[in-house]
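Student: Next up is a structure, given as structure tokens.
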Amino acid sequence: MKTSIPTVIMVGIILATLGADGDLIAAGGAKPSTPDGHITVDLHGGTMMDFVWIKPGSFLMGSTSSEPNRGEWEEPQHEVTISKGFYLGKFEITQAQWIAVMGTAPWTGKKHVEKKPNHPAVYISWTAMEEFLRRLNEVAAESLYRLPTEAEWEYACRAGSTTRRSYGDDDSPLGDYAWYVGNTHKAGLPFAQPVGTKLPNPWGLYDMYGNVWEWVQDWYGDTYASLIVIDPTGVATGSARVMRGGGFVNRARNMRSAKRFSYDPSFRYSALGARLVRTK
């Protein structure tokens, strides 16, 4: 039998619009009037989810042959255009947000998990994400929510940069931006950390490197098309879905904008979660 989201769970539209300085500048039920505004959605009973507007644009996707620690599956580097703006989750989906929508905690009793509301929801498969999205869209009565495409994810991660990371190429500042093995396992913290506790990228997105890998929409393909492409969605079919961003279990070499990995859609792990797109 098809399971519906509980009637008490309502996806409310914006409670507040935030300006670039973070001050409250409007409240009520209207969408932001400026394209750089944030929207906040009430999932249920004060469990909120923040989104950042990502404007359309073009970028170079993938890595060059000279980039350290790159893989051949990141080539060829090619120009991609994202023709439509979208809202992307400011943070990775948290445990509180997952429970508000699904009523379950798949990380319960699992290893390498700190069970706290503001930590990332982990041990969630790509298949489970589909049900999470179905429930959100059922309540919204339209298809507002989805996973980002791989191209949208890298575009937002790069935030206008062409370097290995959005802040540059140097490894030394990485600990200011990312939870990775150097400041988790090696510091006696063998689990994902609270979202939003490191510095954001230039577009205001947190934890795009490290903390947990993030599922994206695409099937995995071994290489990219060597053409200028508009709004790519990956190969038509496959056996594995793409994961991006690296996790707390990984070394610095995995914390790169172009880094990509993949796994079976049913795979679940302590360092694997997701973040959402809202289309409008």
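Each value in this text was obtained by applying a stated rule to the coordinates, not by laboratory testing. Owing to the predicted nature of the structure, the values given are computational and were not obtained by experimental measurement. Because the Cβ atoms are built from the backbone with ideal geometry, glycine has one as well, and the counts that use them run over all protein chains shown.
Student: Between rounded, prolate and oblate, where does segment 67-198 land on the alpha carbon gyration tensor, with a ≥ b ≥ c its root eigenvalues, rounded for a/c under 1.5, else prolate if a/b exceeds b/c? Write out the running numbers ahead of the final one.
Tutor: Details: a/c = 2.13, a/b = 1.14, b/c = 1.86.
It comes out oblate by the Cα gyration axes.
Student: Whole-Hz Karplus ³J(HN,Hα) for segment 87-104, in order, using 6.51 cos²θ - 1.76 cosθ + 1.60 and θ = phi - 60°, x for Gly and Pro?
Tutor: Values, residue by residue: 9, 10, x, 5, 10, 5, 4, 8, 4, 4, 5, 4, 5, 4, 8, 9, x, 10 Hz.
Student: Provide the gained length on full extension for the span A105 to A140, in nm with one decimal, where the gain is 0.36 nm per separating residue minus the Cα-Cα distance. Don't jump to the answer; show the numbers that get you there.
Tutor: Numbers: separation 35, 0.36 × 35 = 12.60 nm, distance 2.29 nm.
Contour length minus the Cα-Cα distance gives 10.3 nm.
Student: Sticking with this one: Given an 8 Å cut-off on Cα distances and at least 6 residues of separation, report the relative contact order of the chain as a percent. Could you put the intermediate results ahead of the total?
Tutor: Working: 664 pairs, mean separation 63.5, N = 280.
With pairs under 8 Å counted, the relative contact order is 23 percent.
Student: With +1 on the Cβ of every Lys and Arg and -1 on the Cβ of every Asp and Glu, and nothing else charged, how large is the dipole of the chain about its Cα centre, in debye rounded to the nearest 20?
Tutor: Values: 29 positive and 29 negative charges, 136 e Å.
Around 660 debye, computed over the chain.
Student: Per q in 0.09 Å⁻¹, report the Debye log10 I(q)/I(0) for the chain, using one uniform scatterer on each alpha carbon and no solvent.
Tutor: -0.39
Student: Can you tell which of G160, G46, G182 shows the greatest fluctuation in a Gaussian network model of the chain with Cα springs below 10 Å?
Tutor: Answer for the Gaussian network model of the chain: G46.
Student: Past the 27 Å Cα-Cα mark, which pairs from K110/K198; K90/K259; K111/K186; K115/K280?
Tutor: Numbers: K110/K198 25 Å; K90/K259 20 Å; K111/K186 17 Å; K115/K280 32 Å.
Result: K115/K280 exceed 27 Å.
Student: Moving on. Between T94 and residues 5 or more places away or on another chain, which pairs have amide H atoms under 5 Å apart, with H built 1.01 Å from N, and which residues are they?
Tutor: A121
Student: Same structure, new question: Given H placed on each backbone N at 1.01 Å, which residues far from F261 in sequence or on other chains put an amide H within less than 5 Å of it?
Tutor: Those lying under 5 Å, H to H, from F261 are M243.
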